[in-house]
Amino acid sequence: MRSDHDLLWLCAVIARALAYAAAIAALVLYAPSEQHVFIYQGF
Amino acid sequence: MMARNVAGAAITWGLAAVFLVLITAVITRTPLLWAPTTFEHTSDMTRIVFAQTYQAARRIYAPATAPPIRVALLGNSRIWLPAQEAYLRRELDRVAPDLDVRLDNLAIFGARVGDVEVLSRHLAHLDPTLVILALGGTDLVSRPAVPLHNLPARLLRIGWEDGPIAPSGAGERVDRWARTAWRLYRFREFARAAIDDRVWPQEPARPFPERFETTQDLFEHMRGGRGAEIEGAYRAWRADPTMERFVDYLKVGSGGYLELIQGHVREGMKPTPGSPAVRMLDALLGRLSRGPWRTIVLLMPENPLLEADRDGLYHSPGFSDEAAATIREAADRYGLAVIDARRWMPAEAFIDFDHLMPDLSGFQVPLVREIVNAVGS
């Protein structure tokens, strides 16, 4: 029973860690940042 | 109870950090970020600077083979257009077929001296053998509407120390530090665009042609659908090669360009000792001189027709020599070679007062000669 609990706990830790990492990456990628539009007028 | 322990456990956050490192590597060191995109060859003038900055970053950071000689070209549209790899490669194959050279044209449309200074912070990663910095005098002229650093500098800024221009606030400084330390953060705008492109690809834009047979082909490509009309005006100038006819041709081909350079003449702030432009130039040349590569500062060809512009409508008489002296003085300070190419090309090699014709100008001939001289010596 104890080892089942440990395994479950470890899976929960991994799942939670992966969710945190994915959420941070998504936040970095999709949070509003630089305005990409810059009208080039050289020609 | 278990859920609370899991959420707050140090091991959870430790593992999250490990996963974040892996996610960063999967995104920023693989084709997910650096494979061809449908947007990179865009001719949309609102997107072209972003696309070219992305391409420059790819040239620097995407894994690639590294032959013994690697030549990097820095600058803006003045060098982007006439020094496309295909034109240089053909000339290299003609004059030095045994030379194994990688050519990286890192130029970006509209890049000013501040943008190039920021881009140069990444050069160590590329580890070039030779760096050619293409400069024109007006690259050092600022206007309220055309500052000395624009989108490329914002997208590429890295560095632990402040550059020649102090950041506007602590937030900008922290942002730069985060970009320096963490690749996912550094490339987040490019990664977002690349991921969006993988998920929802657009109709791919045509790459810039590797060969132009005629000026009409060139005008057709650059001014889609108006090639014949512009060719007519261009031929009228060739038949009567005066300044007035050239301006007439430009009015047909690009009235906006004429307004732009007239704005430069009217409102441009010329570089003076200690001015932001000179500080950026100094930082740029200083960094290039400290790299393990050879650097050549190339004063880009200028349209000789401007000598007929005695009223100074389209240029500031005498400024070319002043700017060349400023650049030469800064280069001398760091022991960098300067090649004065301002008189290399005839008027018929130019699309306008600043830009050489891609391929048709023949600029690749003297440029490759200088490259071979530099890497062969």
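Derivation of every value follows stated rules applied to the coordinates shown; laboratory data play no part. No experiment lies behind these values; they were computed from the predicted model shown. Positions of Cβ are generated from backbone atoms using ideal geometry, with glycine treated the same way; all protein chains shown enter the neighbour counts.
So for B:132, B:69, fewest C-beta neighbours within 10 Å to most, what's the order?
Least to most surrounded, the residues fall as B:69, B:132.
Compare the Cα positions of B:237, B:274, B:118 along the charge dipole of the stretch B:2-376 (+1 at Cβ of Lys, Arg; -1 at Cβ of Asp, Glu; about the Cα centre) and return the one farthest towards the positive end.
Result: B:118.
Starting at 0 and stepping by 10 Å, how many percent of the alpha carbon pairs of the stretch B:1-143 end up in each bin?
Percent of pairs per bin, in order: 10, 31, 29, 14, 9, 5, 2, 0.
Only Lys, Arg, Asp and Glu count, each charged at its Cβ (+1, +1, -1, -1), so figure out the dipole size of the stretch B:197-312 about its Cα centre, rounded to 20 debye.
620 debye
Determine the relative contact order of the stretch B:2-376: mean sequence separation of Cα pairs under 8 Å and six or more apart, normalised by residue count, in whole percent.
Here the relative contact order equals 22 percent.
Please report the net charge: other residues with Cβ closer than 13 Å to the Cβ of residue B:227, K and R +1, D and E -1.
-2
Might you report the magnitude of the Cβ-based charge dipole of the protein assembly as shown about its Cα centre, with Lys and Arg at +1 and Asp and Glu at -1, to the nearest 20 debye?
The dipole of the protein assembly as shown has a size of about 1500 debye.
Please determine, in degrees from 0 to 90 and to the nearest 10, the orientation of helix B:364-376 with respect to the longest principal axis defined by the Cα atoms of chain B, where the helix direction is its Cα long axis.
50 degrees
How far apart, in nanometres, would the label points at residue B:64 and residue B:236 be if each is projected 7 angstrom from Cα along the Cα-to-Cβ direction?
4.3 nm
If you take the charge dipole of the stretch B:125-184 about its Cα centre, with +1 on Lys and Arg Cβ and -1 on Asp and Glu Cβ, which of B:142, B:164, B:178 is farthest toward its positive end?
Value: B:178.
May I ask you to work out the translational diffusion coefficient for the stretch B:213-323 at 10 °C, viscosity 1.306 mPa s, via Stokes-Einstein with Rh from the Kirkwood sum over Cα pairs, reported in whole µm²/s?
In µm²/s, the coefficient is 94.
Taking only DSSP H segments of four or more residues, each worth -39500 (n - 2.57), what value at 222 nm results for chain B once the sum is divided by all its residues, to the nearest 500 deg cm²/dmol?
Per the formula, -15500 deg cm²/dmol.
Determine ³J(HN,Hα), in whole Hz, for all residues of the stretch B:162-174 in sequence, where each value follows from phi through the Karplus function 6.51 cos²θ - 1.76 cosθ + 1.60 and θ = phi - 60°; x replaces Gly and Pro.
Computed from phi, the couplings for the stretch B:162-174 are 5, x, x, 10, 4, x, 6, x, 4, x, 5, 5, 5 Hz.
When averaged across all projection directions, what area in nm² does the alpha-carbon convex hull of the stretch B:2-376 cover?
Mean shadow area of the hull around the Cα atoms is 21.4 nm².
Multiply the residue separation of residue B:307 and residue B:337 by 0.36 nm, subtract the distance between their alpha-carbon atoms, and state the gained length in nm to one decimal.
8.1 nm is the gain from fully extending residue B:307 to residue B:337.
With r as the distance between the Cβ atoms of residue A:4 and residue B:166 and R0 = 51 Å, compute the FRET efficiency 1/(1 + (r/R0)^6) and round to 0.05.
My answer for the efficiency is 0.30.
Can you list the HN-Hα couplings for the stretch B:124-134, worked out from phi with the Karplus curve (6.51, -1.76, 1.60; θ = phi - 60°), rounded to whole Hz and with x for Gly and Pro?
4, 5, 6, 6, x, 8, 9, 10, 10, 9, 8
Given labels modelled 7 Å from the Cα in the Cβ direction, how far is it in nm from residue B:199 to residue B:13?
2.9 nm
If you line up the long axis of helix B:276-290 against the longest principal axis of chain B, both from Cα atoms, how many degrees apart are they, to the nearest 10?
Once rounded, the angle reads 70 degrees.
For an R0 of 30 angstrom, estimate the FRET efficiency from the Cβ-Cβ distance between residue B:93 and residue B:124 and round to the nearest 0.05.
0.55
Need one number: the % of Cα-Cα pairs in the stretch B:106-247 sitting beyond the 19 Å mark.
Across the stretch B:106-247, Cα pairs with separations above 19 Å total 70 percent.
Could you tell me what percent of the DSSP beta bridges with both partners in the protein assembly as shown are antiparallel, to the nearest 5?
About 15 percent, rounded to the nearest 5.
Measure out, as a whole number of angstrom, how far apart the alpha-carbon centroids of the stretch B:144-222 and the stretch B:63-109 sit.
20 Å
What residues have an amide H closer than 5 Å to that of residue B:69, excluding those fewer than 5 places away on the same chain, when H is modeled at 1.01 Å from N in the peptide plane?
Those lying under 5 Å, H to H, from residue B:69 are B:102.
Grab the beta carbon distance between residue B:247 and residue B:177, set R0 = 35 Å, and tell me the FRET efficiency rounded to 0.05.
After rounding to 0.05, the efficiency reads 0.10.
Let me know the Rg and Dmax you get for the protein assembly as shown when you use only its Cα atoms, in Å.
24.4, 96
Charges only on Cβ, +1 for Lys and Arg, -1 for Asp and Glu: so what's the dipole of the stretch B:2-376 about the Cα centre, in debye to the nearest 20?
1540 debye
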